[in-house]
Amino acid sequence: MTRNRVIKVISFLAVFFVCLTGLTYMLRTNGSVKDRFMGFYAEKKDTIDAVIIGSSPVFPYYAAPEIYGETGAVIYPLSTNLQRPAAQLYLAKEALSRQHPQLMIFEVRMYTGDEHNMTNNMAYTRGVTDNLKYSKNRLDAILALTDESSVNGGISDSDKEAYTYIIDIFKYHSNWRSLRDPGQWTSFLFTKKDPHKGYTSSDELGPCELVDYSWDEDRTPIPEIQDGHLTELMDWLEENGQQALFIVSPFLESEEQHEMFNYIGDRVTAEGFGFLDLNDYVDECGLDGATDFNDYGNHVNALGSGKVTRFFENYLEEHYDLPDRRGDNTYRSWDEAYSLWQQESESDIETVKQHIKDKTYAEIAE
């Protein structure tokens, strides 16, 4: 084969794989998680001061635009639904591959869960792997999350073949019709500014009666496999000299869960990391189960989000020296996000207050 022909073949393959990668990104399922991760990739390198990694409590509880507008700290959530603890290490590595955050924050509610139950629906695994750009880190995450030997009882979901995660167009090839949407083409590079900076608000009302377990100082170990993931994550943080804070978002917890959070607190503080269980500060947040939740105790609505965010930003100001980026033209998109949050938050809160007045409640998911 002549040199020119080799060059042509290599060029063809390069173009082919670039197009295949872009097409795969486009065919991935749309939604707030995809928007959130594309938004992360769209942020300029080394402009994010902290990332919050965790499951679904992250994006409705902590309004990143509000934190920026009121403190100047730039915090971005890397959050997916029912995020398996095993994924947090790889999301932390992904964050560090593009940013050099002063602080990494990990929401640990899912560390109390059984790993086998989490893998009964591998869609939650895909929530992580299908929202990462192609890279060695993504491959490592897939191999770890589809490794049956690390899950007691194996992975029961039939959707567990690693190759369908590695080359995810195998999973989403039937989404061709979505290409009719011009907006879908903007995800070709999997990079697109998120005007909400990863935050998702709710204007629904699902009341609950919160239970205070702050008096309970007992410890209950978390499941062994989750303990192993926690150790692995902390070892990596220490190796990289990374400052970290582990948090629990307030919700309708059980006594056993509270004791597991006590156990996690002991583990992380012993290694020199911060720990904040917001369930112990419900009164300080001003959180009211009757008005501030959208699904009967698991996640807050816009009214509750404002209360938790304000407490959290004050906590960060007291314990961490994050910079104030306001007034820097580099962060103009964050100024715009704050303005948008102000408008939408006011509207959502008014809707929640109307629900409270009318006693109209959210439907209970089956």
Considering each residue of segment 132-162, count those that are farther than 29 Å from Ser187 by Cβ and among the basic types (Lys, Arg), and give that number. 0
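Does Gly306 meet the test of being surrounded by 18 or more Cβ atoms within 10 Å (Cβ to Cβ) and either closer than 23 Å to Ser214 by Cα or free of Cβ contacts under 8 Å to residues at least 60 places away in the same chain (or both)?
In short, yes.
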Can you give me the number of residues within segment 229-260 that are part of a helix (DSSP H, G or I) and over 13 Å from Phe106 (Cα atoms)? 12
Are any of the residues in segment 123-146 assigned to a strand (DSSP E or B), among the aliphatic types (A, V, I, L, M), crowded, with 23+ Cβ neighbours inside 10 Å and within 16 Å of the chain's Cα centre (by Cα)? no
Here the residues within segment 79-95 that are part of a helix (DSSP H, G or I) and in contact with a strand residue (DSSP E or B) (Cβ under 8 Å, 6 or more places away or on another chain) are Gln88, Leu91, Ala92, Glu94, Ala95
For segment 261-297, what are the residues that are polar (S, T, N, Q) and in contact with a Gly (Cβ under 9 Å, 6 or more places away or on another chain)? Thr291, Asn294
Take the residues in segment 151-191 that are assigned to a loop (DSSP other than H, G, I, E, B) and buried (at least 18 other Cβ atoms within 10 Å of the Cβ); name whichever of them is modelled with the lowest pLDDT. Val151
Exactly one of Val74, Val51 is of a type in the set (A, V, I, L, M), over 16 Å from Asn137 (Cβ atoms) and surrounded by 22 or more Cβ atoms within 10 Å (Cβ to Cβ), and that one is Val74
Which ones in segment 237-251 are under 19 Å from the mean Cα position of the chain (by Cα) and of a type outside the set (Val, Ile, Thr)? Leu237, Gln242, Gln243, Ala244, Leu245, Phe246, Ser249, Pro250, Phe251
Hey, does segment 106-120 have a residue that's assigned to a strand (DSSP E or B), of a type in the set (Val, Ile, Thr) and either buried (at least 22 other Cβ atoms within 10 Å of the Cβ) or at negative phi (or both)? no
Of the residues that sit in segment 341-352 and are touching a residue at least 12 places away in the same chain (Cβ under 8 Å) and loosely packed, with under 15 Cβ neighbours inside 10 Å, which one is farthest from Ser202 (Cα to Cα)? Gln342
Hey, Glu204 over 22 Å from the mean Cα position of the chain (by Cα) and acidic (Asp, Glu) or not: no
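The values are calculated or read from the model by the stated rules, or taken from the named source; none is laboratory data. Just so you know, these numbers come straight off a predicted model, no measurement behind them. Reconstructed Cβ throughout: ideal geometry from the backbone, glycine too, with neighbour counts over all protein chains shown.
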